[in-house]
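Comments concern the structure below.
The values are calculated or read from the model by the stated rules, or taken from the named source; none is laboratory data. These numbers were taken from a predicted model, which means no experiment stands behind them. Positions of Cβ are generated from backbone atoms using ideal geometry, with glycine treated the same way; all protein chains shown enter the neighbour counts. Quick note on the areas: whole protein, heavy atoms, side chains included, nothing else; ligands and nucleic acids left out. Shrake-Rupley method; radii C 1.70, N 1.55, O 1.52, S 1.80 Å.
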Amino acid sequence: IDAIVSNGRLLYAKDLQIVNGGQTTASLAAARKLDGADLSKIYVLMKLTQVPSEAAAEVVPLISRSANSQNKINPADFFSTHEYHVRMEQISRRKFAPAKDGAQHETHWFYERARGQYIQATMNLTKAQEKKFVTQNPKDQVVTKTDLAKVLSAWDGYPHYVSKGAESNFEKFAERTEEQWEKRKDDFNENYFQEAMALVILYRTVDKLIPKQPWYDRGYKANIVAYSVALLHHLIKNWYPDSDLDLQKIWNKQKCSDILIHQMTIVTEEVYKVITSASRPIENVTQWCKQAACWEEVKKIKLNPVTSFYTVLQGKEDRHVILESLITLLMHRH
């Protein structure tokens, strides 16, 4: 039973979801919790809609669009109710990442499916509970849905979409992801989550790397990062057709290897040269980076892999063998 109503009164409900009114609810909760305000005479008009669980992913976004027609709502907020994001959120809350750099504790990569989830998670905690929460969920390991869309879009070869901005890119990402979800939703599992977070680690590593380079003269960093990550994947496909970046190795170490970082110092400089080239057809570099033609120019960059680069790769055949071994092991256990 999801709800019990008697004599026009709601007596019980589970899995309530606020579609429009989250800010009001949070403000009232804060007034009561933080300020000790008396809310006994406060009334908030609401409309309660009971949606069958099997139709929630489709119906809730439609309700949200209708309820928010008077305000500008980001497309990312509508897609956040999709099963893809719910699953990513669920995995992120239970999956611990390996301890890194000699740390004594494991941590979560906190996937923020809806805006403000991280802050809301700490609102009703004691100081001791909050300290424990932040230790297990470091702020620098919060990943928003638009962050993830940016990282995965760049890796999949859409740096020009990423350069158009978070919301514009997210719309394209949502279209591709919904299509993939319908075809093979079981692929979006813990392994997928770990590899996605490994790409986040790579992306953020490159972002921190660029300002330290002698050739960097400020500006266009976001574009350089997106195009460099995209180009790395493109180059790997050309260099080693039967291999790909070993994302599980990045996940296990929770950082990029020195060899990978060395490779990215070379890639980022070449990307910078191309997108700022005097021969570019559009004078404004930021606008130029939004064009598919810019990506085509960047893909023309010819580079060789650095020494021992193959050690950061995993053969596609090897991956298949590992998966087969795991399946066999699980079958024997049962």
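Just a yes or no: is a residue in the stretch 66-82 out of contact with any Cys (no Cβ under 8 Å at 6 or more places or on another chain), surrounded by 14 or more Cβ atoms within 10 Å (Cβ to Cβ), at pLDDT 75 or above and within 19 Å of THR177 (Cα to Cα)? There is at least one residue in the stretch 66-82 that is out of contact with any Cys (no Cβ under 8 Å at 6 or more places or on another chain), surrounded by 14 or more Cβ atoms within 10 Å (Cβ to Cβ), at pLDDT 75 or above and within 19 Å of THR177 (Cα to Cα). Restricted to the stretch 220-297, the set of helices (runs of 4 or more DSSP H) holding at least 1 residues that are surrounded by 15 or more Cβ atoms within 10 Å (Cβ to Cβ), within 23 Å of the chain's Cα centre (by Cα) and among the charged types (D, E, K, R) comprises 221-239, 247-253. Would you check if ASP258 is modelled with pLDDT of 95 or more and in contact with a strand residue (DSSP E or B) (Cβ under 9 Å, 6 or more places away or on another chain)? The answer is no for ASP258.
Residues in the stretch 1-45 that are in a loop (DSSP other than H, G, I, E, B), at pLDDT 80 or above, of a type outside the set (Gly, Ala, Ser) and surrounded by 11 or more Cβ atoms within 10 Å (Cβ to Cβ): LEU39 only. Beta carbons closer than 7 Å, at least 6 apart along the sequence or on distinct chains, pair a first residue in the stretch 184-206 that is more than 13 Å from TYR111 (Cβ to Cβ) with a second that is charged (D, E, K, R) and open to solvent by 10 Å² or more (accessible area, probe 1.4 Å) for ILE201/LYS255.
Total residues in the stretch 118-145 satisfying the condition of being open to solvent by 30 Å² or more (accessible area, probe 1.4 Å) and touching a residue at least 12 places away in the same chain (Cβ under 8 Å): the figure is 10.
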